[in-house]
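Chemist: Let me give you the structure first, and then I'll get to my questions.
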Amino acid sequence: MVRVERNKELEEIIRKYAVINAYQYGEASVAPVMGKVMAELPELKREAKEIAKIVEEIVNEINSLKKKELRALFEKYREEIETRKKEEGETKKLPSLPNAEMGKVVTRAAPNPNGPFHIGNARAYILSHEYARIYNGKFILRFEDTDPKIKRPEPIFYEWIKEDMKWLGLEWDEEYYQSDRLEIYYEIAEELIEKGKAYVCTCIPEKWRELRDRGEACPCRNLEIGEQLDRWKKMFSHYKEGEAVVRIKTDLNDPNPAIRDWAALRIIEGDHPRVGRKYRVWPLYNFSCAVDDHLMGVTHILRGQEHAVNERRQSYVYEYMGWEKPVAIHHGRLMIEGVVLSTSKIRNGINKGEYSGWDDPRLGTIRALRRRGITPQAIKELIISLGPKTSDVSVSWDNLAAINRKIVDPKANRYFFVPEPVLLRIRNGIPGKYYLRLHPDYPQRGSRVLEIPESGNGEVELYVPKDDMKSIPEGKIFRLKDLWNVKLIDKDELLSERVETEEMPKIKIQWLPLRESIKAIVVMGDASLIEGLIERNVLMEKEGEVVQLERFGFCRIDSASKDVVTLFFSHK
């Protein structure tokens, strides 16, 4: 690994974001500053550990400044800050669609309901929806559910997909289920057989693949059309599963063997969750997709780069039927580092008990992101910013968090959370009611009240984080946030006293009186749990709201009662 060179340019970028963060929130924190630096300098990602050390050093330096000094630095960066805010406020625009006419663009989302969709799938759906609305066109939702065996659809996922799309704001104009359209596929298949463009193959699959790989026709390919039609009829009653498939004739010399005489329909015995045993001949993806895109008037298809081969397969159906091909745009895959997206891996993990469900915080399903407090606006903004680029994109969680933070920060009320609480006794503490703003930037939103009772002997008792107290040496002065400065007198007994000081101590920690607290459980991004106390005022919030636990991070309230609140950690 190349060691990061500490230079003035790097330090200036770090200092800029540390000043912004400190001025906005009273003091700077390493995580959000680090996120901003990495977003501006993604090429240094591999050296993140070394950069984090520099960030921490500069953050401490900025936090030690007096208010006048911080203000002076903030003024220095004001112009750049305002320019940045203006750029962030501008809606990023997608590139124009080729061959698009206003009012005539038709796009579609075509999920397979064998699982809920994830942020990788969402890329195609969001882009398709955005383009349909930009061009005042039509957006179609089509469930591709014609595989009742390998990628078997499940009833719950039809509903979940629709829920997730509505949550993302992807309202559709028409809705279709391919399992309702089997007769249409049969009609087109029979027409292709009659034209000599398709045939029914009864070869053993292994033998057929050997011939295909050599570029040779199988014995079934050139049978008389009458024989082909007879075989076609037998697929509905005579042949068994695996004994016959309909193939589309293509160029047997195509450089890609996957294009050669691809399978269009096959026999599958068994129940389908929507139509039961009504059908036994089912279309494969490329055939049903080509037929439906034409009949539904789809003009532009946005899908993953892995479908480039499928476009070539489907082009044969368009050519043979004399249909006009839609414009196909293939974008790269979207991945989030450290987040699981594969439906099969998620399903296996759930079955093995590795994941709690489809909304486990380690997953990239829309339901998991939603439970963690990621907003639909953040997901859409990320995807629109990437556009339909052909290259694969791997973004860090910090990238998504930075966008989400910008959206939730003005809305999220602030509350105290004390993880692993320990009791701190404070001499000369002043009992009474203390009023703290719900949001530091919006005084009109009002305040929350924390009442500190007297415990006797001129002392008060507050709960504070165990880890914070471990790091504070005896004799050190620290700040109970938005309350008093105190000095730690006895580390073993956790005895302290309130003191008056001119300078603001660098160390600030959360605190809570017991009578104002209830139990809190925070589910972290790696599914680990952090337990502690949260101020009772949080019960004013509705379940599903995102709040900021001060000096801890943004969290979504998952459930709340008078005894315990469960939250999912979003990000710093």
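The values are calculated or read from the model by the stated rules, or taken from the named source; none is laboratory data. Everything numeric here is computed off the predicted structure, so don't read it as measured data. All Cβ positions, glycine included, derive from the backbone under ideal geometry; neighbour counts span all protein chains shown. Ligands, DNA and RNA are excluded from the accessible area calculation, which covers all protein heavy atoms including side chains. Shrake-Rupley method; radii C 1.70, N 1.55, O 1.52, S 1.80 Å.
Chemist: Taking the stretch 207-222, which residues are open to solvent by less than 90 Å² (accessible area, probe 1.4 Å), within 21 Å of residue 317 (Cβ to Cβ) and not in a helix (DSSP H, G or I)?
Modeler: Those that are open to solvent by less than 90 Å² (accessible area, probe 1.4 Å), within 21 Å of residue 317 (Cβ to Cβ) and not in a helix (DSSP H, G or I): 217, 218, 220, 221.
Chemist: List the pairs whose first member sits in the stretch 288-315 and is under 23 Å from residue 181 (Cα atoms), whose second member is outside any helix (DSSP H, G or I) and among the small types (Gly, Ala, Ser), and whose Cβ atoms are under 6 Å apart, counting only residues at least 6 apart or on separate chains?
Modeler: Between residues of the stretch 288-315 that are under 23 Å from residue 181 (Cα atoms) and residues that are outside any helix (DSSP H, G or I) and among the small types (Gly, Ala, Ser), the close pairs are 301/328; 311/328.
Chemist: Answer yes or no: is there a residue in the stretch 7-28 that is under 25 Å from residue 508 (Cα atoms), in contact with a helix residue (DSSP H, G or I) (Cβ under 6 Å, 6 or more places away or on another chain) and modelled with pLDDT under 80.
Modeler: Looking through the stretch 7-28, at least one residue is under 25 Å from residue 508 (Cα atoms), in contact with a helix residue (DSSP H, G or I) (Cβ under 6 Å, 6 or more places away or on another chain) and modelled with pLDDT under 80.
Chemist: Follow-up question, since we're still on this one. When residues of the stretch 433-472 are filtered for being farther than 21 Å from residue 414 by Cβ and either charged (D, E, K, R) or not in a strand (DSSP E or B) (or both), how many remain?
Modeler: Result for the stretch 433-472: 12.
Chemist: Name the residues in the stretch 240-255 that are surrounded by fewer than 21 Cβ atoms within 10 Å (Cβ to Cβ) and in a strand (DSSP E or B), would you?
Modeler: none
Chemist: Can you confirm whether the stretch 525-533 contains a residue that is open to solvent by 30 Å² or more (accessible area, probe 1.4 Å), in contact (Cβ under 8 Å) with a residue 24 or more places away in the chain and closer than 23 Å to residue 411 by Cβ?
Modeler: no
Chemist: Also: Looking at the stretch 385-432 only, could you name the residues that are part of a loop (DSSP other than H, G, I, E, B), within 24 Å of residue 519 (Cβ to Cβ) and hydrophobic (A, V, I, L, M, F, W, C)?
Modeler: Residues satisfying the conditions are 412, 416.
Chemist: In this structure, is residue 233 more than 23 Å from residue 313 (Cβ to Cβ), of a type outside the set (Ser, Thr, Tyr) and not in a helix (DSSP H, G or I)?
Modeler: No; evaluated as a whole, the condition is false for this residue.
Chemist: Which members of the stretch 539-570 meet the condition of being on the phi > 0 side of the Ramachandran plot and open to solvent by less than 40 Å² (accessible area, probe 1.4 Å)?
Modeler: The answer is 544, 553.
Chemist: For the stretch 279-322, how many residues are touching a strand residue (DSSP E or B) at 6+ places or on another chain (Cβ under 7 Å) and of a type in the set (Asp, Glu)?
Modeler: Summing the residues that are touching a strand residue (DSSP E or B) at 6+ places or on another chain (Cβ under 7 Å) and of a type in the set (Asp, Glu) in the stretch 279-322 gives 3.
Table: residues versus (1) β-branched (Val, Ile, Thr); (2) in contact with a Ser or Thr (Cβ under 7 Å, 6 or more places away or on another chain); (3) at positive phi.
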site: 400; (1), (2), (3): no, no, no
site: 410; (1), (2), (3): no, no, no
site: 418; (1), (2), (3): yes, no, no
site: 424; (1), (2), (3): no, yes, no
site: 428; (1), (2), (3): no, no, yes
site: 436; (1), (2), (3): no, yes, no
site: 455; (1), (2), (3): no, no, no
site: 460; (1), (2), (3): yes, no, no
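Chemist: Another one. What number of residues within the stretch 69-106 satisfy the criterion of being at pLDDT 65 or above, polar (S, T, N, Q) and closer than 17 Å to residue 129 by Cβ?
Modeler: The qualifying residues number 1.
Chemist: Moving on. Return the only residue of 424, 438, 480 being crowded, with 18+ Cβ neighbours inside 10 Å and more than 39 Å from the chain's Cα centre (by Cα).
Modeler: 424
Chemist: Still on this model: Among the listed residues 312, 367, which satisfies the condition of being out of contact with any Asp or Glu (no Cβ under 8 Å at 6 or more places or on another chain) and modelled with pLDDT of 95 or more?
Modeler: One residue alone meets the criteria, 312.
Chemist: Follow-up. Check off (1) open to solvent by 40 Å² or more (accessible area, probe 1.4 Å); (2) modelled with pLDDT of 95 or more for residue 417 and give me the number that stays unchecked.
Modeler: So the condition that residue 417 fails would be (1).
Chemist: I need the full set of residues from the stretch 241-266 which are under 14 Å from residue 189 (Cα atoms) and under 37 Å from the mean Cα position of the chain (by Cα), in order please.
Modeler: Passing the criteria: 262, 263, 264, 265, 266.
Chemist: Answer yes or no as to whether residue 520 is surrounded by fewer than 16 Cβ atoms within 10 Å (Cβ to Cβ), among the aliphatic types (A, V, I, L, M) and not in a helix (DSSP H, G or I).
Modeler: no
Results for (1) in contact with a strand residue (DSSP E or B) (Cβ under 6 Å, 6 or more places away or on another chain); (2) among the acidic types (Asp, Glu); (3) open to solvent by 10 Å² or more (accessible area, probe 1.4 Å); (4) at pLDDT below 95, shown as yes or no for each residue.
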position: 462; (1), (2), (3), (4): yes, no, no, no
position: 470; (1), (2), (3), (4): no, no, yes, yes
position: 500; (1), (2), (3), (4): no, yes, yes, yes
position: 503; (1), (2), (3), (4): no, yes, yes, yes
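Chemist: List, please: which pairs have Cβ atoms under 7 Å, are six or more places apart or on different chains, and start with a residue in the stretch 103-123 that is closer than 23 Å to residue 386 by Cβ and end with one that is aromatic (Phe, Trp, Tyr) and at pLDDT below 95?
Modeler: 111/117
Chemist: Further question: Kindly establish whether residue 240 is within 30 Å of residue 142 (Cα to Cα) and touching a residue at least 60 places away in the same chain (Cβ under 8 Å).
Modeler: no
Chemist: Could you please let me know if residue 514 is open to solvent by 20 Å² or more (accessible area, probe 1.4 Å), aliphatic (A, V, I, L, M), over 28 Å from the mean Cα position of the chain (by Cα) and at positive phi?
Modeler: No: the conditions fail for residue 514.
Chemist: On to the next question. If you check every pair at least six apart or on different chains, which have Cβ atoms under 9 Å apart with a residue in the stretch 20-34 that is under 16 Å from residue 399 (Cα atoms) first and a residue that is not in a helix (DSSP H, G or I) second?
Modeler: 30/572; 31/553; 31/571; 31/572; 32/571; 32/572; 34/572
Chemist: Could we say that residue 527 is in a loop (DSSP other than H, G, I, E, B) and among the aliphatic types (A, V, I, L, M) here?
Modeler: So residue 527 passes the test.
Chemist: For residue 491, only one of the following conditions fails: (1) more than 18 Å from residue 416 (Cβ to Cβ); (2) touching a residue at least 40 places away in the same chain (Cβ under 8 Å); (3) open to solvent by 20 Å² or more (accessible area, probe 1.4 Å). What is its number?
Modeler: Answer for residue 491: the failing condition is (2).
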